[in-house]
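FYI, it's all coordinate maths here, none of it is from the lab. Note that the structure is a prediction, hence the values are computed from the model and not measured. All Cβ positions, even for glycine, are placed from backbone atoms using ideal geometry, and neighbour counts span all protein chains on display.
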Amino acid sequence: MRPRLWLATLLIGLLPGVALAEPAAVAESFDAYKQALVEGDGTAASRLTASDTHAFLAQTLDRALTMEEAELRALPLLDQISVLMLRHNMTGDQLRAMTESDPVAYAVDQQAFDMEEVQKLTAEPFSVNGTQAQASLSNLKGSPIPVTVHFKEEQGTWRFDLLSSIAPFRAVFDTQAGLLSKLQTKDGKGGAVPLIIHLITGRAPDANIWNPPG
């Protein structure tokens, strides 16, 4: 057998093994990420979070601390919700404390989520396409649409990809933006986002939520 043909045959023979190994590696990262959330291990969760997710969360935190109402209302609906959820759930001092550390690690260390619900989450087998992987989530409470969790490979590690995971929600809000804009408060301003936050948290947001914290 000629060397080139032998090499091609060897590579083809190895491909099935590689395809089987990759989903298992992603599933291992998913389990480790979930365990970090449950245990409140911010360092581990941060290490397993994709770089662009870190950048998005840092930007959202900065907006929560500084963005004025007119500029905030001009953002896409999902970004408005992300900013106002931080203002709704945390005080100004808590938000400023987050800027002094890694926002991902801080949020996990503070256990800013329902650990029991996180513990129940399971993922279907991951499908892998190059450096991207995804799987459907099961046992997710309160989601109006099916949720797919995404991971991406960075520097040899599979890391949670929040931006890809929330893309379907962004698409839904963008599609319904015209309809949601008709929901207005008595002063004629958009009322969809405060209503959504109320439905998510069970608490009505403060009327001053559109302004940066003092």
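For the reader, a short list of remarks on this structure follows.
- A crude spin-label estimate for the pair Thr91 and Lys120, with each label 7 Å from Cα along the Cβ direction, gives 3.2 nm.
- Taking 7 Å steps out from each Cα toward its Cβ at Ala207 and Ser138 produces label points 4.8 nm apart.
- Projected label distance in nm at Glu71 and Thr43, using a 7 Å step from Cα toward the beta-carbon: 3.6
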